[in-house]
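Student: The structure under discussion is supplied below as C-alpha cells; questions concerning it will follow.
Read the figures in this text as sums done on the coordinates, not as results from a lab. Quick caveat, the model's predicted, so the values are computed rather than measured. All Cβ positions, glycine included, derive from the backbone under ideal geometry; neighbour counts span all protein chains shown.
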Amino acid sequence: MKIYRFLLVLMVCALPLVGCAQNVKEYKFQVVESLPHERSAYTQGLFFHNGELYESCGQYGSSSFRKVQLKTGKDLRRLNFDARYFVEGSCVLDGRLYILTWQEHKCFVYDIATWKFLGEFYNPREGWGLTTNGKDLILSDGSTKIYFLDPQTFAVRSFKEVTLGGQPVPFINELEWINGEIWANVYTQDYILIIDPATGKVKGRVDCRGLLPAALRKPGTDVLNGIAHNPATGEIYVTGKYWPKMFKVKLVEKK
C-alpha cells in the first residue's frame, strides 16, 4: 500500500509537466482581493450558504467547523470535535450540514440553522472532499473517483473516474460545485481541475502557482486547498492549509 501511494504521488506531481489533452482549457487566477485567513486553520472544506462563509478544518486534536467572518477571517461560531476525529470536507443540502471525517468512516449531520446534531452516516471509504449539486452529495476519497450519494441514506447513486487526457487523476480532494461543473483541488498540487460531472473528464485546469506570496510562507505553511463559490454574487475564493490569506479571484483563460 505504501508503495502504491508513493507511485500515486509521483503521478500527481508529474501532472503539471504533462501537456493538456485537446479541449482542456488552461486558466490562471487574477487576484481581485486579498483577505485575512486564520493561519491555524488546516482547511479541508470551504463553502458559502445563504451568503455566509463556512469552513471545516482538520487534524487530530484540533478539528473544527466554523462560521467565518469573510472580511476578517475571524470565527463567528465554532464547533470543535473530539481528538479522535480528523474532520474533512463539508457542505449543506436542504438545510442539513454534512461533515466528513477522514479515516473514522463517519459523516456527521447537523441542522445548519441551529447546529443541532441530527445523526451520522457510515462511510465505507475515506472522507476527503464534499460538495453538492442540489440533489446529490458529491464525495471524493483521495482516489481517482468522485461519488454521487443519496443525502438521505449516504448510498452511492453513481460514480465517475476523473481523467485528464485519458489518464486517471489520483488524490482528488476538496470539491466545489460551480455553475454545473465540479472544481477540485488535487492534494499536493497548485492546480485546480474543472471537471465535467457527467463524464469525469477534466475540462479545464487552473494554474494557482504563486498565489500565496513566498514572503507569507512559513515552514508550517501547507498546500493549496479550499474553494468557495458564492452563488449570490458569483464570487470565487480560494485558500490553503495553514495559509494566512484567502483570495477572491477571477478566472482568466491563458493565451
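Student: Roughly how many debye, to the nearest 20, is the charge dipole of the stretch 107-164 about its Cα centre, given +1 on each Lys and Arg Cβ, -1 on each Asp and Glu Cβ, and no other charges?
Tutor: Working: 6 positive and 7 negative charges, 24 e Å.
Computed about the Cα centre, the dipole is about 120 debye.
Student: Kindly rank 200-207, 77-84, 104-111 from highest to lowest mean number of other beta carbons found within 10 Å of each residue.
Tutor: 200-207, 104-111, 77-84
Student: Which number do you get for Rg(Cα) / (2.2 N^0.38 Å) in the stretch 21-253?
Tutor: Taking N as the residue count of the stretch 21-253, the ratio is 0.93.
Student: Please compute the modelled spin-label separation between LYS218 and THR153, points set 7 Å along Cα→Cβ, answer in nm with one decimal.
Tutor: 4.8
Student: Continuing with the same structure: About its Cα centre, what dipole magnitude does the stretch 67-144 give when the only charges are +1 on Lys and Arg Cβ and -1 on Asp and Glu Cβ, stated in debye to the nearest 20?
Tutor: Value, rounded to 20: 400 debye.
Student: Moving on. Treating cross-link reach as a plain straight distance, find the aspartates and glutamates whose alpha-carbon is under 18 Å from the alpha-carbon of LYS254, omitting any fewer than eight places away in the same chain.
Tutor: Cα-Cα hits under 18 Å: GLU26, ASP190, ASP207.
Student: While we're on this one: With point charges of +1 on the Cβ of Lys and Arg and -1 on the Cβ of Asp and Glu, referenced to the Cα centre of the chain, which listed residue (GLN103, PHE29, GLN59) lies farthest in the positive direction of the dipole?
Tutor: Of the listed residues, the answer is PHE29.
Student: Taking +1 at the Cβ of each Lys and Arg and -1 at the Cβ of each Asp and Glu, which of THR72, ILE194, ASN230 sits farthest along the dipole of the chain towards its positive end, judged by Cα position relative to the Cα centre?
Tutor: Sorting the options by dipole projection puts first THR72.
Student: Given contacts defined as C-alpha pairs under 8 Å and at least six residues apart, what's the relative contact order of the stretch 21-253, whole-number percent? Display every interim value, and only then the final one.
Tutor: Details: 656 pairs, mean separation 51.4, N = 233.
Dividing the mean separation by the residue count of the stretch 21-253 yields 22 percent.
Student: Related question: Using a simple spin-label model with points 7 Å from Cα along the Cα→Cβ vector, what separation in nm is obtained for LYS203 and GLU52?
Tutor: 3.1
Student: Here's a follow-up. Which of LYS71/LYS218; LYS218/LYS255; LYS116/LYS248 have a Cα-Cα distance over 29 Å?
Tutor: Long pairs (Cα-Cα over 29 Å): LYS218/LYS255; LYS116/LYS248.
Student: Next question, about the same structure. Determine the alpha carbon to alpha carbon distance for each of LYS67/LYS245; LYS203/LYS241; LYS201/LYS245; LYS67/LYS241; LYS145/LYS201 and list only those over 20 Å.
Tutor: Cα-Cα > 20 Å for LYS203/LYS241; LYS201/LYS245; rest within.
Student: Let me ask another. Arrange the peptides 85-92, 208-215, 184-191 so that the one whose residues have, on average, the most other Cβ atoms within 10 Å appears first.
Tutor: 85-92, 184-191, 208-215
Student: Follow-up. Measuring from label point to label point, each 7 Å out along Cα→Cβ, what is the LEU251 to ASN23 span in nm?
Tutor: Reported label-point gap for LEU251 and ASN23 is 1.7 nm.
Student: Oh, and also: Could you give the length gained on full extension between GLN103 and ARG77, defined as 0.36 nm per residue of separation minus the Cα-Cα distance, in nm?
Tutor: On the way: separation 26, 0.36 × 26 = 9.36 nm, distance 2.55 nm.
Full extension from GLN103 to ARG77 adds 6.8 nm.
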